[in-house]
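Worksheet for the structure shown next.
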Amino acid sequence: MIRYIFVTGGVLSSLGKGLAAASLAALLQARGYKVRLRKFEPYLNVDPGTMSPYQHGEVYVTEDGAETDLDLGHYERFTGVSCRQSDAVTTGRIYSDVIARERRGDYLGATVQVIPHITDAIKDCIRADLEPDLDFLICEVGGTVGDIESLPYLEAFRQFSNEEGSQRTLFIHLTLVPYIASAGELKTKPSQHSVKELLHLGIQPDILLCRCDRPIPQEAKYKLALFCNIKPECVIEALDVDTIYQVPICYSDAGLDIQVLRHFDLDAQNKPALHRWHSIVDCLHHPRQEVTIAVVGKYVALRDAYKSLIEALSHGGISQDVRVNIDWVDAEELEQTESEDAVLPAEKILKRLRNAHGILVPGGYGVRGTEGMIGAIRYAREHKVPYLGICFGMQLAMIEVARSLLDLKEASSTEFGSTPCPIVGLLTEWRKGEAYERRVAGGNLGGTMRLGSYECHLETNTLAHSIYGQKVICERHRHRYEVNIDYRPQFEKLGMIFSGLSPDGILPEMVELRDHPWFLGMQFHPELKSRPFEPHPVFKAFIAAAVKRGEETRHMRDTE
Ligand code: GLN
């Protein structure tokens with residue numbers, strides 16, 4: 001029997017609703033239940049694929065190629081369960097489906113309205129694509145209660161709960177209990193108001209999850225229970241923690257899983273199996289040493305744009321028992337501008353990146369900052385610093401090597417404008433012929449995004465193959481441009497190996513440098529598949545190489 005848990009947010013945004021939902025899922029899993037998570041987004045975009053990273057943070061791509069909210073990344077990392085397109089619902093998608101149905105005449109002349117047509121469509125999305133043996137579906141609604149945009153979702157959840165009954169549905173409301181210094185106490189009023197908003201919409205929350213920076217005194221909990229019409233034991237404290245992997249442990253200590261199970265009349269006698277969470281937190285708190293990875297990118301001011309990358313690096317650290325410190329480097333900072341100082345970019349780069357044990361250029365779009373990234377890649381190549389180039393980072397590595405080693409000074413990507421030397425471009429621009437026609441016929445048209453999981457075949461006796469330990473791998477993609485395979489013979493002559501290719505051999509997927517301790521580029525995004533309990537092999541190997549680099553540089557310094 002599937003039970004449905006709805007997670008809403010109150011008071012303000014950024015309280016970590018996604019993490020709360022993911023942590024509850026992890027706790028239920030730790031008690032042997034099968035869970036799935038689903039996100040309901042109130043915005044009108046059909047998906048976040050078109051939104052700026054500054055607005056929305058990272059776009060998380062699922063195996064089946066859905067472009068989704070970064071919370072789905074937390075869902076996958078915390079539960080290990082791969083999300084699907086059906087787990088990412090947006091108002092934009094709901095409305096476009098309903099309008100398409102209306103145009104087809106499916107509503108038989110009825111006036112199409114928010115209630116019941118939009119709310120019915122939302123309820124269909126809750127029930128869609130669920131495994132029959134699932135125990136819990138956790139539905140998170142984006143935004144904050146009181147927003148106009150989320151009203152249809154809350155109304156649909158209310159109806160759904162009415163239809164299924166309270167023994168199969170549960171509402172959790174996440175709020176903030178702020179400490180007010182001038183009063184010297186934690187304040188419950190914002191939470192009371194937020195619950196009133198929900199009550200106004202016909203939803204009585206069953207559990208109140210209260211974000212706070214210090215323990216909530218018993219009387220404040222009673223007050224919240226009384227005014228919000230909730231059992232005192234269902235007012236759960238959600239204290240600030242210093243690593244996100246501590247959240248499931250804290251929630252369990254505060255009794256969240258027990259209250260959820262009691263609500264559904266399920267056995268709550270045993271303790272959840274949380275040893276693996278404890279060992280991760282332990283490792284993060286007491287690492288054997290530290291490494292510094294310079295991440296050279298364009299959106300470094302906004303860490304949400306690199307959410308999965310940050311986590312994957314930390315997982316790589318867990319695998320080597322080291323703490324990974326990320327040094328965020330704004331790529332534009334590395335470029336020389338006319339007015340500024342007289343320092344040459346190469347010297348600037350040397351100064352800025354000298355302490356990095358590994359350099360990473362992540363995914364990105366557009367020409368801005370690319371010369372800085374290329375400069376950083378040149379530094380990594382020449383100074384033998386471990387280099388990991390992800391998607392854009394691989395494309396730019398090809399451009400750097402073409403310019404420096406192949407002497408193709410005008411090497412570039414057509415993403416930045418027309419070029420006589422398109423090392424990177426759209427498939428349609430440089431590839432014609434039978435194999436290309438086959439791809440187009442298969443729906444994989446260059447010029448649109450390549451999204452989701454694709455197979456890649458690895459060459460034996462390469463770094464890539466030694467990392468994965470298998471010949472065929474599947475990784476997730478999100479890009480438009482491809483490295484031009486026509487340049488392969490020239491690259492290979494100079495020691496750049498094409499170690500991974502698409503099954504038809506047309507698309508370079510992984511490249512590496514022969515005469516370098518660790519220089520690897522990949523067209524896909526390995527960070528999307530890394531899990532705390534299963535660090536991605538690429539990040540494991542990259543961090544191991546950075547640790548080695550750290551030891552070597554320390555040794556060099558000691559003997560100097
Ligand atoms: N801008 C590049 C492309 O579209 C790289 C994209 C990425 O890094 N995800 O191909």
Give me the accessible area of Leu176, 1.4 Å probe, in Å² rounded to the nearest 10.
40
With each run of n ≥ 4 DSSP H residues scored as -39500 (n - 2.57), what mean residue ellipticity at 222 nm is computed for the chain after dividing by its residue count and rounding to the nearest 500 deg cm²/dmol?
-11000 deg cm²/dmol
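Could you please state how large a percent of the accessible area of the range 459-560 is carbon and sulfur, counting protein chains only and using a 1.4 Å probe?
Answer for the range 459-560 is 48 percent, counting heavy atoms of protein chains only.
When the chain is fully extended, how far beyond the present Cα-Cα distance does Glu332 get from Met556, taking 0.36 nm per residue of separation?
Numbers: separation 224, 0.36 × 224 = 80.64 nm, distance 3.09 nm.
Going from the current span to full extension adds 77.5 nm.
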Among 296-303, 356-363, how do they line up from the highest to the lowest mean number of other beta-carbon atoms within 10 Å?
356-363, 296-303
Once the mean of 1/r over all distinct C-alpha pairs in the chain is inverted, the Kirkwood radius in Å reads 25.5
Using the Karplus curve 6.51 cos²θ - 1.76 cosθ + 1.60 with θ = phi - 60°, what ³J(HN,Hα) values do you get for each residue of the range 228-235, in whole Hz, with x for Gly and Pro?
9, 6, 10, 4, x, 6, 9, 8
Assuming a ≥ b ≥ c are the square roots of the Cα gyration tensor eigenvalues, decide whether the range 383-423 counts as rounded (a/c under 1.5), prolate (otherwise, with a/b larger than b/c) or oblate.
oblate
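How would you order 91-98, 523-530, 264-271, 188-195 from highest to lowest mean count of nearby Cβ atoms within 10 Å?
523-530, 188-195, 91-98, 264-271
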Suppose accessible area is computed on protein heavy atoms with a 1.4 Å probe; arrange Asp504, Asp124, Asp242 from highest to lowest.
Asp242, Asp124, Asp504
With the cut-off at 25 Å, tell me which of the pairs Lys123/Lys307; Lys39/Lys298; Lys17/Lys123; Lys409/Lys529 have Cα atoms farther apart than that.
Lys123/Lys307; Lys39/Lys298; Lys409/Lys529
Taking only the alpha-carbon atoms of the range 63-181, what semi-axes of the equivalent ellipsoid follow from 5 times the gyration tensor eigenvalues under a square root, in whole Å, largest first?
26, 20, 16
The range 88-130 and the range 5-41: distance between their alpha carbon centers, rounded to Å
25
The range 13-121, relative contact order in percent, only Cα pairs under 8 angstrom and at least six apart counted
28
Provide the packing ranking of 412-425, 473-486, 508-521, 99-112, i.e. peptides ordered by the mean count of other C-beta atoms within 10 Å per residue, highest first.
508-521, 473-486, 412-425, 99-112
Inter-label distance, nm, simple model (7 Å from Cα along the C-beta direction), Asp265/Glu233
1.7
Could you look at the range 167-254 and say what percent of its accessible area is carbon and sulfur, using a 1.4 Å probe and all protein chains?
52
On the principal axes of its Cα set, how long, how wide and how thick is the range 261-404? Give whole Å, largest value first.
69, 32, 29
Given all pairs of distinct Cα atoms, the range 187-328 yields a Kirkwood Rh in Å of 18.0
If you roll a 1.4 Å probe over the heavy atoms of the protein chains, what accessible area per residue do you get for the chain, in Å²?
42
Tell me, what is a quarter of the convex hull surface for the C-alpha atoms of the range 124-220, in nm² with one decimal?
8.1
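Antiparallel DSSP bridges in the chain: what percent, to the nearest 5?
Here the antiparallel bridges make up roughly 30 percent for the chain.
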Does the range 209-284 classify as rounded, prolate or oblate by the C-alpha gyration tensor (a ≥ b ≥ c root eigenvalues; a/c under 1.5 gives rounded; else a/b over b/c gives prolate, otherwise oblate)?
oblate
Under the Kirkwood approximation applied to all pairs of distinct alpha-carbon atoms, what is the hydrodynamic radius of the range 23-63 in Å?
12.8
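Can you compute the equivalent ellipsoid semi-axes for the range 241-302, i.e. the square root of 5 times each eigenvalue of the Cα gyration tensor, sorted largest first and rounded to whole Å?
Each semi-axis is the square root of five times an eigenvalue, giving 35, 16, 8 Å.
The values are calculated or read from the model by the stated rules, or taken from the named source; none is laboratory data. Since we're looking at a predicted model, the values are computed, not measured. Glycine also receives a Cβ, built like all others from the backbone with ideal geometry; neighbour counts cover every protein chain displayed. Heavy atoms of the whole protein, side chains included, go into the accessibility calculation; ligands, DNA and RNA do not. Shrake-Rupley method; radii C 1.70, N 1.55, O 1.52, S 1.80 Å.
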